[in-house]
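Inspection log for the structure reproduced underneath, given as structure tokens.
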Amino acid sequence: AGSRLQHEYVPSAHLSAACTCLAWAPPGGGGGGGRPPPPSKDGPQRKKRKSEVVEEDRQLDILAIGTAVGSVLLYSTVKGELQSKLDGGHDSKVNCVRWHQDNGCLYSCSEDKHIVEWNTQTCKVKCKWKGDNNSVTCLCISPDGKMLLSAGRTIKLWDLETKEVYRHFTGHATSVSSLMFTTVKPMNESIPFDGITGLYFLSGAIHDRLLSVWYIRSDRKEKNAVMSFAVTDEPIFVDLTVSEVKEEPVKLAVVCRDGQLHLFEHILNGYCKKPLTSNCTIQIATPGNDGDSTPKPVPILAAAFCSDKQSLLLVYGNTSQPVIEKVSLNTSESHICLIRDIQKVLSLKTEAALTKVKTPVVNSDTKVLVPGIPGHSTAVKTPALGKEKKKNKRKPGETEESIEERLGALDIDVSKVKTPGGLPQTDSFAVLLVQGLESNDAEILNKVLNTRKENIVKNTVARMPIYAVIPLLHELTKRLQGNPYSASLMVRWLKSVFTLHASYLSTLPDLIPQLGMLYQLMESRVKTLQKLSRLHGRLFILASQVAASEVVQDVREVNQTAKLVYEDESSEEEGSDDEMIADKDSDENWDEDEEKEEQSDEQDMTVEKEINGDSDLEPENESEEE
């Protein structure tokens, strides 16, 4: 009633074996049903005792706790101690525990694909059987106690006597998180009731925004859901009022992961094609008047119907210190937002909480002796400070030495220890980049993005977290628009982002608008490329022609006159011989002249080729070179 913590139990092995599921044992050993597993689990006998349970809570004593290592703990809340431990049934995480309403048996299911029936008196396994090909995540006992629903993804209805499957249902695409019966007797009263046929039950699964309702038929034909309820997020807590009379609607309260509560009211009468939407949605928010002007949503953690089926118990706030409140419903409105100042409620609660620390009443006349050395006024430091003193080895008056000074004392060259350029490498580059993008710090970004080393760029992009990819692309786009020099650096980053994060980028639905600016930039740059390359080609031709003409002017004309002529005076007899030699000489001269002409021709050719571009190129390759 005061929503104050009444009892806290920490299992001895709570770190190695975390609690995964809970269920109250029926009070008085049988006949009634557990409270926190929603009341719908149980039959007509259960309904008669509901008021007793509410009035005499002390009757609820034993709590079954499933753990992550496969054991089940039975804890007595009255005695405040662990009563017994059920071991040897499961070798993996227990997903769900359920008490039988009549015979005091306990049923548990686990990740190890098995369902175990426990005898809680002897703490032994009564029966164990394989419930599914995958892990079994949820259980529910039928109102008459003879059948058991189990679910992993598909739902099975077991006969508890023979441990055989009585019916199969399609189930959900993900693992089922809640199962409960919504009716205790069939709507069609003309057919004799066998305890199970004609009943409806409800199931919800993780990551599934539809709760399905299933109908148990006499034949095995139909395996699909007869109707479904649509909510805004995956259901985390479901409670309902069981419909006992034919015309009485089932009331359903579903708490979603987004902190909203949806209320449904529906008479279950056969097939309904469309998913039903909620009659009423409840949200809680802070008033947002003092200090903080914006109202903030307060998540609803759980909700349960009270015994009058009209009012609701709401649990909201944070899980460690929730607020429990009774709310009476007026479902004429489709959306209700309750304003609750959760801060005030919490501060009131913490002030009212009992404290076990007693401060002694000290009279002003008395003299208090402080521990210490006699004759010294200074008090002895607390142990924590003492430890610190030992670690730092410094006197109280001194300031702490810097690391640089300590390194100096150790004779280590500080300059060697520091990283070059004052920046750490690759690992911290990724961290720096993310920090720079988040804080929009131009200085950090300049230091990181102006690196020229290919491998540093690659490693940094590979190590940066996925969420920073899009902000980095925006930053690069911004920088590409500026100085052409910086643009050439940014292209390296772009290249490695696209090669390393292509798979992530391709999953983004709004990728094209995100990169629109970049596309436009690239297109405009590429458009001018052709014109620029033509201009470059022409300028190159002009420059090479100018260079060639300068080379031609520098070449001096070859002087063709003979440097030395030697004539030998000789007798007439030798005249004929001389003529012969002269002929030979003239022949040789003739050859030399030809060679010289050829040489000058070749020179002219090379000059022409230089003018036309590269001397090696054929005319058709010239355009490519340009």
Those residues of segment 497-523 which are β-branched (Val, Ile, Thr), open to solvent by 60 Å² or more (accessible area, probe 1.4 Å) and under 20 Å from Val461 (Cβ atoms) amount to Thr499, Thr507
Applying the selection to segment 176-205, what residues are among the aromatic types (Phe, Trp, Tyr) and not in a loop (DSSP other than H, G, I, E, B)?
-> Phe181, Tyr200, Phe201
Would you be able to say whether some residue in segment 42-59 is at pLDDT 85 or above, open to solvent by 20 Å² or more (accessible area, probe 1.4 Å) and either within 35 Å of the chain's Cα centre (by Cα) or under 30 Å from Tyr200 (Cβ atoms) (or both)?
-> no
Of the residues in segment 234-257 that are open to solvent by 50 Å² or more (accessible area, probe 1.4 Å) and at pLDDT below 90, the one that is nearest to the chain's Cα centre (by Cα) is Glu244
Counted residues in segment 262-280 being open to solvent by less than 80 Å² (accessible area, probe 1.4 Å), farther than 18 Å from Leu329 by Cα and either of a type in the set (A, V, I, L, M) or free of Cβ contacts under 8 Å to residues at least 40 places away in the same chain (or both) come to 3
Counting only residues that are in a loop (DSSP other than H, G, I, E, B) and in contact with a Lys or Arg (Cβ under 8 Å, 6 or more places away or on another chain), segment 113-142 contains a total of 8
Complete set of residues in segment 442-465 that are within 30 Å of Pro509 (Cβ to Cβ) and either free of Cβ contacts under 8 Å to residues at least 24 places away in the same chain or surrounded by 15 or more Cβ atoms within 10 Å (Cβ to Cβ) (or both) | Leu445, Val448, Leu449, Val457, Lys458, Asn459, Thr460, Val461, Arg463, Met464
For segment 68-89, indicate whether the set of residues that are in contact with a helix residue (DSSP H, G or I) (Cβ under 6 Å, 6 or more places away or on another chain) and in contact (Cβ under 8 Å) with a residue 12 or more places away in the chain is non-empty.
-> no
Identify, by number, the condition in (1) at pLDDT below 80; (2) loosely packed, with under 11 Cβ neighbours inside 10 Å that Gly408 doesn't meet.
-> (2)
Looking only at residues in segment 124-151 that are within 21 Å of Ile196 (Cβ to Cβ) and in contact with an Asp or Glu (Cβ under 6 Å, 6 or more places away or on another chain), which one is surrounded by the most Cβ atoms within 10 Å (Cβ to Cβ)?
-> Gly145
Residue set Glu81, Glu111, Glu117; condition of a type in the set (Asp, Glu) and open to solvent by less than 20 Å² (accessible area, probe 1.4 Å); output residue Glu117
In segment 466-491, residue nearest to Leu437 (Cα to Cα) [restricted to those that are outside any helix (DSSP H, G or I) and either open to solvent by less than 40 Å² (accessible area, probe 1.4 Å) or without any contact (Cβ under 8 Å) to a residue 24 or more places away in the chain (or both)] | Gly482
Of the residues that sit in segment 206-233 and are part of a loop (DSSP other than H, G, I, E, B), within 38 Å of the chain's Cα centre (by Cα) and over 28 Å from Ala285 (Cα atoms), which one is modelled with the lowest pLDDT?
-> Lys223
Could you tell me which numbered condition Gln283 fails, if it satisfies all but one of (1) in contact with a Gly (Cβ under 9 Å, 6 or more places away or on another chain); (2) surrounded by 21 or more Cβ atoms within 10 Å (Cβ to Cβ)?
-> (2)
Considering only segment 286-344, give the strands (runs of 3 or more DSSP E) lying wholly within it that have at least 1 residues that are open to solvent by less than 60 Å² (accessible area, probe 1.4 Å) and of a type in the set (Asp, Glu).
-> 321-328
Hey, any hits in segment 545-558 for a residue that's open to solvent by 100 Å² or more (accessible area, probe 1.4 Å), within 54 Å of the chain's Cα centre (by Cα) and not β-branched (Val, Ile, Thr)?
-> no
Hey, could you check segment 92-108 for residues that are of a type outside the set (A, V, I, L, M), at pLDDT 90 or above and over 29 Å from the mean Cα position of the chain (by Cα) and say which is surrounded by the most Cβ atoms within 10 Å (Cβ to Cβ)?
-> Ser108
If we keep only residues of segment 201-212 that are of a type outside the set (D, E, K, R) and surrounded by fewer than 21 Cβ atoms within 10 Å (Cβ to Cβ), then the residue farthest from Lys309 (Cα to Cα) is His207
Note on Thr67: of the conditions (1) of a type in the set (Ser, Thr, Tyr); (2) over 31 Å from the mean Cα position of the chain (by Cα); (3) at pLDDT 90 or above, unmet is (2)
Selection over segment 253-285 where residues are part of a loop (DSSP other than H, G, I, E, B) and acidic (Asp, Glu) yields a count of 1
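The values are calculated or read from the model by the stated rules, or taken from the named source; none is laboratory data. Just so you know, these numbers come straight off a predicted model, no measurement behind them. Because the Cβ atoms are built from the backbone with ideal geometry, glycine has one as well, and the counts that use them run over all protein chains shown. For the accessible areas, the whole protein counts, side chains as well, though only heavy atoms, and no ligand, DNA or RNA atoms are used. Shrake-Rupley method; radii C 1.70, N 1.55, O 1.52, S 1.80 Å.
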